[in-house]
1. Just checking, how many residues over the range 68-112 are of a type in the set (Phe, Trp, Tyr), within 21 Å of Phe42 (Cβ to Cβ) and open to solvent by less than 40 Å² (accessible area, probe 1.4 Å)?
2. Could you please tell me which pairs satisfy a Cβ distance under 6 Å, a separation of 6+ or placement on different chains, a first residue in the range 73-99 that is in contact (Cβ under 8 Å) with a residue 60 or more places away in the chain, and a second residue that is acidic (Asp, Glu)?
3. Could you give every pair whose Cβ atoms fall below 7 Å, whose first residue belongs to the range 26-44 and is touching a residue at least 12 places away in the same chain (Cβ under 8 Å), and whose second residue is surrounded by 14 or more Cβ atoms within 10 Å (Cβ to Cβ) and among the acidic types (Asp, Glu), counting only separations of at least 6 or pairs across chains?
4. What pairs come out if I take residues in the range 122-140 that are touching a residue at least 40 places away in the same chain (Cβ under 8 Å) and pair them with residues that are part of a helix (DSSP H, G or I) and not basic (Lys, Arg) whose C-beta lies under 8 Å away, six or more apart or interchain?
5. Mind listing whichever residues of the range 26-69 are farther than 28 Å from Tyr116 by Cα and either more than 16 Å from the chain's Cα centre (by Cα) or of a type in the set (Ser, Thr, Tyr) (or both)?
6. Say whether the condition of being over 14 Å from the mean Cα position of the chain (by Cα), in a helix (DSSP H, G or I) and closer than 26 Å to Val38 by Cβ is met by at least one residue in the range 93-104.
7. Going through Ser83, Ser36 one at a time, which residue ends up being outside any loop (DSSP other than H, G, I, E, B) and either touching a helix residue (DSSP H, G or I) at 6+ places or on another chain (Cβ under 7 Å) or farther than 30 Å from Gln163 by Cβ (or both)?
8. Residues to consider are Leu142, Leu148, Leu115, Leu133; find the one that is at pLDDT 90 or above, part of a helix (DSSP H, G or I) and under 20 Å from Phe42 (Cα atoms).
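The values are calculated or read from the model by the stated rules, or taken from the named source; none is laboratory data. On a predicted model such as this, the values are computed, not experimentally measured, just so you know. Cβ sites come from the backbone with ideal geometry, for glycine too, and all protein chains shown count toward neighbours. Ligands, DNA and RNA are excluded from the accessible area calculation, which covers all protein heavy atoms including side chains. Shrake-Rupley method; radii C 1.70, N 1.55, O 1.52, S 1.80 Å.
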Amino acid sequence: MKWFNRKRVEDERIVNMKNKIYKEVYILIMSICTISVVVKSFMLSDWKSSLLELVIVIAGGLYFGIRSVLLGIYSDEVEVHDSRSKVSFNTRNMLWGIGIGVFMALFFGIRSTVLYGDGTWTTGVWYFFLVALVSLMIYIPLFAGGMLIVHQLTNRTSQKISQKDQFYS
């Protein structure tokens, strides 16, 4: 980050270790916020209590994604991944989208059973299957297609920026 634009030489090992620590802190904060949202959604029926955590998770992910695209790193990461892995980045994103859709469907099915089931076994099972099935129909195409479209657009944009940087270097 060039916020203060200091011109000093730093040890590469120290910089890499700091980046590693920042990455660990980022993952820790995102995990805590995500767990907080999940717990609050089961304990409280009001979603506004977890709004701050949702903003932190979404804003952090958006900042990281936009910054990596604008630096041209995203397309380089895709190329490295595709050369090392048997599963392409497109397929990986599609599988993640399906997984997130299934998780959301199960989450909402269980949540509906816990919050709105009247205590009988048949009502709880009915609520679970009804909400989970409808959520599967909504969230799998939404997340899988959305992740695929976003990946294509960001990869194309990152490639253009990366090629532009190569011509000016």
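1. Selection size over the range 68-112: 1.
2. Phe89/Asp82
3. Cys33/Glu53; Ser36/Glu53; Val37/Glu53
4. Every condition considered, the pairs that remain are Ile140/Gly97; Ile140/Ile98; Ile140/Gly101; Ile140/Val102; Ile140/Ala105.
5. Result: Tyr26, Tyr63, Ser68.
6. yes
7. Answer to the selection: Ser36.
8. From the options Leu142, Leu148, Leu115, Leu133, the qualifying one is Leu133.
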